[in-house]
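Asker: My structure is below; once you've seen it, I'll send some questions.
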Amino acid sequence: GGNALGKTTFMKMIAGEEKTDEGDVKCKAKISYKPQYLNAEFDGDVKSLLDRVSEDNLNTGLIQSLIINPLKIHKLYDKQVKDLSGGELQKVAVTECLLKEADVYALDEPSAFMDVEDRIAFAKAVQRLVKAQGKSAMIVDHDVQLIDIVSDSLMIFTGEQGVKGEATSPMKKEEGMNTFLKDLRITYRRDIDTGRPRVNKPGSKLDREQKERGSYYYLSERA
């Protein structure tokens, strides 16, 4: 969904970071939450920060193979947290979130400041981690490619920015992507062999054909 429709507020309420104006949010699951806005005030290096939250699992083979190596976090171990770039700080914050013991990992805009390569590495890392550990993840992000890679289901937020927002119930990814892209009048295809996502040029043959079929999100048969 667009900006200022309540996605971050929703995440904060689920994570227990913000109270509701009305009613209650009852969540028995243990949540590990990465906020949208990051804090770089930790006095120490990256390794010290991660050791503090890792509960002795930082050096396990699973964590190294699924998070540390794909995101190249080990290359940042000796850097002071306050000296990290925006993209580096984001990767460390994501890693900090995923290292905590939790039932659900809630990550708000984890792709911010990351380059394309790191975004894809993150998406695949989260997907593999939650499947390997039998956990779940909730991700708010504006990168359609990342959402396409990482998601099993989607919630779509609509409404009036800064005034009110409404969220759908969870829907299957294909249905959710189609709903979202139709609202934007954008068609999108992803090759099933290469996995490469592409936005169709507005008015192109593929764009017109998909709109005529109502298939704004489409798994193509060939590149």
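The values are calculated or read from the model by the stated rules, or taken from the named source; none is laboratory data. Just so it is clear, the model here is predicted, and its values are computed rather than measured. Using ideal geometry, Cβ is built from the backbone for each residue, glycine included, and neighbour counts are taken over all protein chains shown. Keep in mind that these areas ignore ligands, DNA and RNA; they rest on the heavy atoms of the full protein, side chains included. Shrake-Rupley method; radii C 1.70, N 1.55, O 1.52, S 1.80 Å.
Asker: Taking N as the number of residues in the chain, what is its alpha-carbon radius of gyration divided by 2.2 N^0.38 Å?
Answerer: So the chain has a normalised radius of gyration of 1.09.
Asker: How many percent of the accessible area of the chain is carbon or sulfur, using a 1.4 Å probe?
Answerer: Carbon-and-sulfur percentage of accessible area, whole number: 47.
Asker: Which log10 I(q)/I(0) values, to two decimals, does segment 19-85 give at q = 0.12 Å⁻¹ under the Debye formula with one point per Cα?
Answerer: -0.46
Asker: Sticking with this one: If you take the alpha carbon radius of gyration of segment 101-223 and divide it by 2.2 N^0.38 Å, what ratio comes out, to two decimals?
Answerer: Relative to the rule-of-thumb radius for its length, segment 101-223 sits at 1.13.
Asker: Can you show me the helix-derived [θ] at 222 nm for the chain, built from DSSP H runs with n ≥ 4 at -39,500 (n - 2.57) apiece and divided by the number of residues, rounded to the nearest 500.
Answerer: Calculated mean residue ellipticity at 222 nm is -10500 deg cm²/dmol.
Asker: Let me ask something else. How do the peptides 45-52, 212-219 rank, highest first, by the average count of neighbouring beta carbon atoms within 10 Å per residue?
Answerer: 45-52, 212-219
Asker: Checking a compactness column here: for segment 31-141, what do you get for Rg(Cα) / (2.2 N^0.38 Å), N being the number of residues?
Answerer: Relative to the 2.2 N^0.38 Å estimate, segment 31-141 comes out at 0.95.
Asker: Calculate one ³J(HN,Hα) per residue across segment 117-127 by plugging θ = phi - 60° into the Karplus curve 6.51 cos²θ - 1.76 cosθ + 1.60, and present them in order as whole Hz with x for glycine and proline.
Answerer: 4, 5, 4, 5, 4, 4, 4, 5, 5, 5, 4
Asker: Express the Stokes-Einstein translational diffusion coefficient of segment 60-121 in µm² s⁻¹, to the nearest whole number, given a Kirkwood radius over alpha-carbon pairs, 37 °C and a viscosity of 0.692 mPa s. Provide the component values of the computation, followed by the final result.
Answerer: On the way: Rh = 12.2 Å.
Using the Kirkwood radius from Cα pairs, D works out to 269 µm²/s.
Asker: Could you point to the residue in SER136, MET177, VAL163 farthest towards the positive end of the chain's charge dipole, with +1 and -1 charges on the Cβ of Lys/Arg and Asp/Glu respectively?
Answerer: MET177
Asker: Based on the Kirkwood radius over alpha-carbon pairs, what is the Stokes-Einstein translational diffusion coefficient of segment 1-42 at 20 °C with 1.002 mPa s viscosity, in µm²/s?
Answerer: Calculated translational D: 180 µm²/s.
Asker: Now, a different point. Run the simple label-point estimate for LYS100 and ARG52 please: 7 Å along Cα→C-beta, distance reported in nm.
Answerer: 1.3
Asker: Given 4 °C and 1.567 mPa s, compute D for segment 152-211 with the Stokes-Einstein relation, Rh being the Kirkwood radius over Cα pairs; round to the nearest whole µm²/s.
Answerer: It diffuses with D of about 99 µm²/s by this estimate.
Asker: What are the ³J(HN,Hα) values, in whole Hz, obtained from phi via the Karplus relation 6.51 cos²θ - 1.76 cosθ + 1.60 with θ = phi - 60°, for each residue of segment 71-77 in sequence order, with x given for Gly and Pro?
Answerer: Ordered by residue, 3J(HN,Hα) equals 8, 6, 5, 4, 6, 9, 3 Hz.
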